[in-house]
Amino acid sequence: MQKVFDVKAIAERYAVALSTARQWIESGELPATNVSGPKAKRCRWRCSEDDLQQFEKRRGSVQPVAAAASRKNARTVTRPSKDYLQGGAR
């Protein structure tokens, strides 16, 4: 069975905003299937890995990026203590 991607996964894969990934789909540049029901108010797009590879070949400049650290896991940078700044205890 082939792997499929939702809009969020596509945006993460190419490090773009969700709106950019949706634009690619809605413009027809990136083939995707709407899997939401007939009464749904919002589209639920899914894109196959083959479609993503074809998209990459056509675009040339769009390549998947390495997974970036999420904000939750990002290292917090704090200010140096007053003692450290004054040359005190280290």
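The values are calculated or read from the model by the stated rules, or taken from the named source; none is laboratory data. Remember, it's a predicted structure, so these values are computed and weren't measured experimentally. For neighbour counting, all protein chains shown are included, and Cβ atoms are generated from backbone atoms with ideal geometry for every residue, glycine included.
Residues being among the aromatic types (Phe, Trp, Tyr) and in a helix (DSSP H, G or I): count how many of those fall in the range 1-34.
The qualifying residues number 2.
Anything in the range 1-33 that is without any contact (Cβ under 8 Å) to a residue 12 or more places away in the chain and over 8 Å from the mean Cα position of the chain (by Cα)? List them, or say none.
Correct list: MET1, SER19, THR20, GLN23, GLU26, SER27, GLY28.
For residues that are in a loop (DSSP other than H, G, I, E, B) and touching a strand residue (DSSP E or B) at 6+ places or on another chain (Cβ under 6 Å), scanning just the range 35-84, find the one that is modelled with the highest pLDDT. Break it down stepwise before answering.
Taking the range 35-84 as the starting set, the residues that turn out to be in a loop (DSSP other than H, G, I, E, B) are 35-44, 60-81.
Cutting the leftovers down to touching a strand residue (DSSP E or B) at 6+ places or on another chain (Cβ under 6 Å) gives us 35, 43.
Working: VAL35: 93, CYS43: 90.
Across the range 35-84, the extreme among qualifying residues is VAL35.
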